[in-house]
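Colleague: After the structure tokens below, expect a handful of questions from me.
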Amino acid sequence: MPFAQTIGEATINGLAYVGELTRLTGGAARAIFIDPFRGRRIRYARAVHQAMAVGVGAIPVVSLISFFVGLILALQAAYELRRLGALHLVAATVALSMTRELGPLMTAVVVIGRSGSAFAAEIGTMKVNEEIDALETMALEPVHFLVAPKLVAMLLMMPCLTTWADLMGVTGGGLFGVMSAGFTWHTYFQSTIDALVRRDIFIGLVKSLIFGIVITAVGCQEGFTTGLGSEQVGKSTTAAVVKSIFLVVVMDLVFTSIFYITAPR
Amino acid sequence: MAEHPISRGEPVAERGAPAISVRDLRVKYGEREILHGINFDAPAGQTLVILGGSGSGKSTLLRTLVGLESPTGGSIWIRGKDFAAMREAERDELRKKMGMSFQSGALFGSMTVAENVALPLREHTKLDDSTIDIMVRLKLNQVGLSGFENYMPAQLSGGMKKRAAIARALAMDPEVLFFDEPSAGLDPIIAAGIDELILALKKAFHITILVVTHELASAFLIADRMILLNKGVIVADGTPVELQASANPRVRQFLDRVPEKELTAEIDYLQMLTGEIPPQRQ
């Protein structure tokens with residue numbers, strides 16, 4: 001009986017958590033998409049500030065990681081393809097894996113580490129310092145004021161970063177292609193373009209948007225539920241990173257399944 | 001302190017009439033009731049001090065009055081409307097006319113002092129930047145922080161943080177100003193400065209001021225009226241003179257700073273555990 005009870009409680013808690021994330025995202029989405037038509041302005045300056053931190057600041061590390069991942073993919077694929085005498089398929093393999101899967105995923109992991117944790121730490125510190133209470137007493141809704149600009153920044157920056165990561169990954173694969181698979185840069189990129197259809201890019205970008213929403217919601221939710229005391233901020237930050245990675249992978253699975261089922265044959 | 005250059009318009013209520021009336025207010029955290037039916041009036045244009053020891057429920061009372069906690073029963077009447085039963089939008093309108101100074105200051109750490117004070121003006125008014133700039137300087141001047149516009153909160157001392165927080169609370173020209181432990185964590189000289197500021201604000205703007213504190217010296221200096229809260233119940237309500245003269249044992253204990261008796265009798269101990277107050281102590 002206690003075992004069943006444990007499972008039951010864990011399920012309820014998990015669902016409640018997802019419910020909280022949905023409520024938070026809904027509130028932020030209302031602030032972004034509905035309230036501007038009701039005469040409440042969006043805080044563009046804050047959104048731009050967040051976009052710089054989330055997006056522009058992440059470019060170096062996203063570039064480097066994607067480049068390496070592209071190169072690794074090419075090496076791994078070539079190991080098998082060489083035996084089949086199909087080394088020319090390296091470009092297509094790297095292109096598909098990057099755009100559909102690893103571009104969005106690696107970008108999400110970097111953004112979780114840089115920004116998801118920062119959201120939790122920022123909001124958690126504000127909670128501990130009574131700043132969230134101060135916002136409320138000033139008639140400033142914390143979700144509007146803090147979460148909405150972050151969500152705007154994520155929705156704008158995740159697709160951009162992912163596209164950039166795709167490009168860097170392909171370039172990484174290209175390095176291998178040119179060095180030891182008989183491609184020139186021109187033929188490598190040509191093969192990449194030939195291998196990709198619009199749907200591949202689209203799938204990657206849809207995933208990146210979903211990941212951006214998950215990272216924002218989890219980071220902010222962990223911040224808002226920070227307990228009293230500054231050591232709790234550290235715990236929230238850790239929780240934000242772990243939960244975000246888990247939920248991003250779960251959402252990746254869900255959407256990959258959906259795209260697999262709905263794929264044209 | 002200079003008179004405020006911007007007209008505050010008609011006074012909200014006659015001096016002496018209640019600006020806030022609390023009726024049978026009850027607040028629960030989970031199963032535990034913290035406030036057991038609070039009744040009091042805060043007269044407009046006067047300073048009401050809510051006294052009480054740790055765990056008396058005074059902070060909960062303040063948080064409920066500004067809408068950070070929801071009451072489980074009773075009503076809070078502000079401007080003839082029940083604040084506790086309002087819709088969120090309506091409550092926000094009223095909040096713009098209330099200022100709150102938090103115990104820690106609660107200044108936004110990522111903004112300068114000037115940006116902190118300007119925030120409510122930027123968010124709630126359509127004033128242009130130069131007007132906001134002037135208003136911010138004015139507010140900072142009122143609290144004695146001229147020249148500190150571009151400091152970050154982390155660069156300020158404890159007393160200066162409190163002053164900056166008061167300037168922010170004053171930004172929207174509030175009708176009611178709430179203070180949570182204004183002198184907590186400050187040395188006596190700085191704390192006396194904050195008391196003087198509160199008195200000056202009352203004199204200059206005739207704002208209704210509610211202060212939650214356990215500092216007796218400060219309370220008797222600034223109060224027009226006082227409430228003593230003990231274990232979620234009001235045990236005394238009157239002018240400072242009336243409280244000084246009170247024969248109520250709880251009031252005497254608090255004012256004369258008598259430590260709590262050791263709990264010896266079994267019944268006392270049980271009542272302490274269950275949170276009930278022994279009848280003879282009420």
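Taken together, the values in this text are just the output of simple stated rules run on the coordinates, not laboratory data. Everything numeric here is computed off the predicted structure, so don't read it as measured data. Note that each Cβ is placed from the backbone with ideal geometry, even for glycine, and that neighbours are counted across all protein chains shown.
Colleague: Which cross-chain or sequence-distant (5 or more) residues have an amide H under 5 Å from the amide H of B:F179, H modelled 1.01 Å from N in plane?
Modeller: For B:F179, whose amide H was placed from the backbone, the distant partners under 5 Å are B:S101, B:L210, B:V211, B:V212.
Colleague: Taking the Cα centre of the protein assembly as shown as origin and charging only Cβ (+1 Lys, Arg; -1 Asp, Glu), how large is the dipole, in debye to the nearest 20?
Modeller: Details: 51 positive and 53 negative charges, 251 e Å.
The calculation lands at about 1200 debye.
Colleague: Report, in whole Å, the centroid distance computed from the Cα atoms of the stretch A:125-180 and the stretch B:167-205.
Modeller: Taking the Cα centre of the stretch B:167-205 as reference, the centre of the stretch A:125-180 is 39 Å away.
Colleague: Once phi is turned into θ = phi - 60°, what whole-Hz ³J(HN,Hα) does the Karplus curve with 6.51, -1.76 and 1.60 give for every residue of the stretch B:135-142, x standing for Gly and Pro?
Modeller: 4, 4, 4, 4, 5, 5, 4, 4
Colleague: Taking the Cα centre of the stretch A:152-265 as origin and charging only Cβ (+1 Lys, Arg; -1 Asp, Glu), how large is the dipole, in debye to the nearest 20?
Modeller: On the way: 6 positive and 6 negative charges, 42 e Å.
Here the size comes out at about 200 debye.
Colleague: From Cα pairs below 8 angstrom and at least 6 apart in sequence, can you work out the relative contact order of chain B, rounded to a whole percent? Walk me through the numbers before you get to the answer.
Modeller: Details: 480 pairs, mean separation 66.5, N = 282.
For chain B, the relative contact order is 24 percent.
Colleague: Based on the Cβ-Cβ distance from A:V250 to B:A200, what FRET efficiency comes out when R0 is 56 Å, to the nearest 0.05? Please list the in-between numbers first.
Modeller: On the way: r = 58 Å, r/R0 = 1.04.
Efficiency, rounded to the nearest 0.05: 0.45.
Colleague: Okay, moving on. Would you tally the net charge around B:L140, using a Cβ to Cβ cut-off of less than 14 Å, leaving B:L140 out, and scoring K and R as +1, D and E as -1?
Modeller: Numbers: positive: B:R137, B:K139, B:K161, B:K162, B:R163, B:R168; negative: B:E115, B:D133, B:E149.
Spelling it out: positives minus negatives among the neighbours equals +3.
Colleague: Next up: Quick one: Karplus J couplings for the stretch A:73-90, per residue in order, coefficients 6.51, -1.76, 1.60, θ = phi - 60°, nearest Hz, x for Gly and Pro?
Modeller: Result, rounded to whole Hz: 4, 4, 4, 5, 5, 5, 4, 7, 5, 4, 5, 8, x, 10, 4, 5, 7, 4.
Colleague: For the residues B:R225, B:R168, what sequence is obtained by ranking on other C-beta atoms within 10 Å, fewest first? List each step's numbers first, then the result.
Modeller: On the way: B:R225 19, B:R168 31.
Ascending Cβ contact count within 10 Å gives the list B:R225, B:R168.
Colleague: Grab the other residues whose beta carbon is less than 14 angstrom from that of B:N39, score K and R as +1, D and E as -1, and report the net.
Modeller: Details: positive: B:R23, B:R26, B:R225; negative: B:D24, B:D41, B:D237.
Neighbourhood net charge equals 0.
Colleague: How high is the relative contact order of the stretch B:70-163, in percent, with contacts defined as C-alpha pairs under 8 Å that are six or more residues apart? Please list the in-between numbers first.
Modeller: On the way: 62 pairs, mean separation 26.5, N = 94.
Once divided by the residue count of the stretch B:70-163, the mean separation gives 28 percent.
Colleague: Taking amide H positions as placed 1.01 Å from N in the peptide plane, with prolines and chain starts having none, which residues 5 or more places from B:V27, or on another chain, fall under 5 Å of its amide H?
Modeller: When sequence neighbours closer than 5 places are left aside, the close amide H contacts are B:I34, B:L35, B:G37, B:T72.
Colleague: May I ask you to sort A:L96, B:L61, B:L216 by Cβ crowding, counting other Cβ atoms within 10 Å and putting the fewest first?
Modeller: Details: A:L96 17, B:L61 26, B:L216 14.
Going from least to most buried by this count: B:L216, A:L96, B:L61.
Colleague: May I ask you to sort B:K202, B:K58 by Cβ crowding, counting other Cβ atoms within 10 Å and putting the fewest first? Display every interim value, and only then the final one.
Modeller: Details: B:K202 18, B:K58 25.
So the residues, fewest neighbours to most, are B:K202, B:K58.
Colleague: Still on this structure, I have one more. In a Gaussian network model over chain B where Cα atoms closer than 10 Å are linked, find which of B:S59, B:S101, B:S130 has the largest mean-square fluctuation.
Modeller: B:S130
Colleague: For the stretch B:245-260, in order, what is each residue's ³J(HN,Hα) by Karplus, 6.51 cos²θ - 1.76 cosθ + 1.60 with θ = phi - 60°, in whole Hz (x at glycine and Pro)?
Modeller: With the stated coefficients, the stretch B:245-260 comes to 8, 4, 9, 4, x, 5, 4, 4, 4, 5, 6, 8, 6, 8, x, 4 Hz.
Colleague: Using a Förster distance of 60 angstrom, determine the FRET efficiency expected from the C-beta separation of A:A4 and A:V48, and round it to 0.05. Intermediate values should be presented prior to the final figure.
Modeller: Working: r = 51 Å, r/R0 = 0.85.
E(calc), rounded to 0.05, equals 0.75.
Colleague: How do B:133-145, A:2-14 rank on mean C-beta neighbours within 10 Å, highest first? Don't skip to the answer; put the middle values down first.
Modeller: Details: B:133-145: 19.2, A:2-14: 9.2.
The most tightly packed comes first, giving B:133-145, A:2-14.
Colleague: Taking only the C-alpha atoms, wrap a convex hull around the stretch A:157-234 and report its volume per residue in Å³ as a whole number.
Modeller: On the way: hull volume 8.4 nm³, N = 78.
Considering the Cα atoms of the stretch A:157-234, their hull volume per residue is 108 Å³.
Colleague: In percent, what relative contact order does the stretch A:43-261 have, based on Cα pairs under 8 Å that are 6 or more apart in sequence? Each step should come with its number before you reach the end.
Modeller: Values: 307 pairs, mean separation 76.4, N = 219.
Relative contact order, the stretch A:43-261: 35 percent.
Colleague: Here's something else I'd like to know. For chain A, what does -39500 (n - 2.57) per DSSP helix run (n ≥ 4), summed and divided by total residues, give at 222 nm, in deg cm²/dmol to the nearest 500?
Modeller: The helix-only estimate for chain A comes to -26500 deg cm²/dmol at 222 nm.
Colleague: Sticking with this structure for a sec: Limiting things to C-alpha atoms, what are the Rg and the maximum Cα-Cα separation (Dmax) for the stretch A:1-104, in angstroms?
Modeller: Reported Rg and Dmax, both Å: 22.8, 64.
Colleague: Considering amide H positions built from the backbone, and no H for Pro or chain starts, which residues 5 or more places from B:T112, or on another chain, come under 5 Å of its amide H?
Modeller: none
Colleague: Which pairs in the list B:K96/B:K203; B:K28/B:K202; A:K150/B:K97; A:K127/B:K161; B:K97/B:K139; B:K162/B:K231 are over 23 Å apart, alpha-carbon to alpha-carbon?
Modeller: Working: B:K96/B:K203 21 Å; B:K28/B:K202 33 Å; A:K150/B:K97 29 Å; A:K127/B:K161 17 Å; B:K97/B:K139 16 Å; B:K162/B:K231 28 Å.
The answer is B:K28/B:K202; A:K150/B:K97; B:K162/B:K231.
Colleague: Given springs between every Cα pair under 10 Å in a Gaussian network model of chain A, which of A:A95, A:A29, A:A120 has the largest fluctuation?
Modeller: Among A:A95, A:A29, A:A120, the largest GNM mean-square fluctuation belongs to A:A29.
Colleague: Okay, moving on. On a 0 to 90° scale, report how tilted helix A:198-224 is relative to the longest principal axis of chain A, with both axes built from alpha carbons and the result rounded to the nearest 10.
Modeller: 30 degrees
Colleague: While we're here: Summing Lys, Arg as +1 and Asp, Glu as -1, what charge do residues with Cβ under 13 Å from the Cβ of B:D82 carry, B:D82 excluded?
Modeller: Values: positive: B:R23, B:R79, B:K81, B:R87, B:R91; negative: B:D24, B:E90.
Value of the local net charge: +3.
Colleague: Which value in Å is the Kirkwood Rh of the stretch B:109-182 over different Cα pairs?
Modeller: On the way: mean 1/r = 0.0813 Å⁻¹.
Taking every pair of different Cα atoms in the stretch B:109-182, averaging 1/r and inverting gives 12.3 Å.
Colleague: Comparing A:T184, A:T162, A:T22, which has the greatest mean-square fluctuation in the GNM of chain A with Cα pairs linked when under 10 Å apart?
Modeller: A:T184
Colleague: Taking every pair of alpha-carbon atoms in the stretch A:43-261, what share in percent sits in each 10 Å bin, from 0 to the bin with the longest distance?
Modeller: Bins of 10 Å from zero give 9, 30, 29, 18, 9, 4, 1 percent of pairs.
Colleague: For the protein assembly as shown, compute the orientation-averaged projected area of the C-alpha convex hull (one quarter of its surface), in nm².
Modeller: Numbers: hull surface 136.7 nm².
Averaged projected area of the protein assembly as shown's Cα convex hull equals 34.2 nm².
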